[in-house]
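Worksheet: one structure, shown below.
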Amino acid sequence: MDNKIYYYKDELNDDFAGENINPTTIDENYKYIHKNVFWKLSSFIVYRLIAMPIAFIYSKIVYGLKFENKNVLKDCRDTGYFIFGNHTQKVLDPFIPTLGNFPRKCHIVAHPDNISIPFLGTFNKMMGGFPIPSDIKTTKNFFNAMEEFISKKNVISVYPEAHIWPYYSKIRNFVSTSFKYPVKFNKPVFSFTTTYKERKGRRPKITVYIDGPFYPNKNLNTKKAQEELRNVVYDKMCERAKNTDVEYYKYIKVDSQEEVKYD
């Protein structure tokens, strides 16, 4: 049992990823869609022939990763969809939605930090990293790319908690902002909830529960529809999180005036 303790004061904004990266600016010149044949070939090799096999083996050996209720995804096999999950793994989280939705291509909406690391940033882009725009001008390109991805029956994955809290056993509060994507494109939504089971002398076993589909309510305006979707997904994730039976890392809330730290 690892007895690391994290102290937090704001569950919406505190981040325990442990990185200090100078993020790339995602401006109107950023290329979301690559049509160069060499990029496409390199991306296929990295995504299908290198990353996926390594991620599968690593997740099985280290975490005993298993997906439950994955059959619900078949309900939307003829359309693209969005999938939302809790953010609790630094290394594995870029791969969980990819493995869970295989063989579909999965694009992961991410902070610009994820594509800013030298060499690894390019690798992350080839793996489906889909950075959030840094300014309003870029938003149009972002949505155009999302529309193209989803029209090709691909998957868009989102971590609405936004920040990594390693091995956190509950579901943190999150805002409804990212749920405007499925509302805008009128696409179904699934949730995936990473849960942990205790294993003596080893890291917890990971079981990921997939639920859905949930659909945008066309009778509501955009803001209310995304709020409704957010609440449905949040409630389902909270329900599934109860399957976690171990607190591998401990999280303690501190006064807002105290310094956030970890032991």
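Descriptive notes on the structure:
- Cα centroid of region 213-228 to Cα centroid of region 169-205, whole Å: 19
- Element breakdown for region 21-69 at a 1.4 angstrom probe: carbon and sulfur atoms account for 63% of the accessible area.
- Helix-only [θ]222 nm of the chain, DSSP H runs n ≥ 4, -39500 (n - 2.57) each, per residue, nearest 500: -8500 deg cm²/dmol
- Gyration tensor over the Cα atoms of the chain: the corresponding equivalent ellipsoid has semi-axes (square roots of 5 times the eigenvalues, largest first) of 27, 22, 21 Å.
- Among the trypsin sites (Lys or Arg not before Pro) found in region 174-242, those both in a DSSP coil and sparsely packed, with 12 or fewer other Cβ atoms within 10 Å of their Cβ, are LYS200, LYS218, LYS242.
- The largest accessible area among SER42, SER157 belongs to the first residue in SER42, SER157, and the rest follow in falling order (1.4 Å probe, all chains).
- Relative contact order, percent, region 157-223 [alpha-carbon distance under 8 Å, six or more residues apart]: 28
- Cα-based shape type of region 98-251, given that a ≥ b ≥ c are square roots of the gyration tensor eigenvalues and the cut on a/c is 1.5: oblate
- Flagged links, alpha-carbon separation over 24 Å, of LYS4/LYS105; LYS9/LYS184; LYS35/LYS153; LYS35/LYS70: LYS4/LYS105; LYS9/LYS184; LYS35/LYS70
The values are calculated or read from the model by the stated rules, or taken from the named source; none is laboratory data. Quick caveat: nothing in here was measured; it's all calculated off a predicted structure. For neighbour counting, all protein chains shown are included, and Cβ atoms are generated from backbone atoms with ideal geometry for every residue, glycine included. Accessible surface is based on the protein model in full, side chains and every heavy atom, while ligands, DNA and RNA are left aside. Shrake-Rupley method; radii C 1.70, N 1.55, O 1.52, S 1.80 Å.
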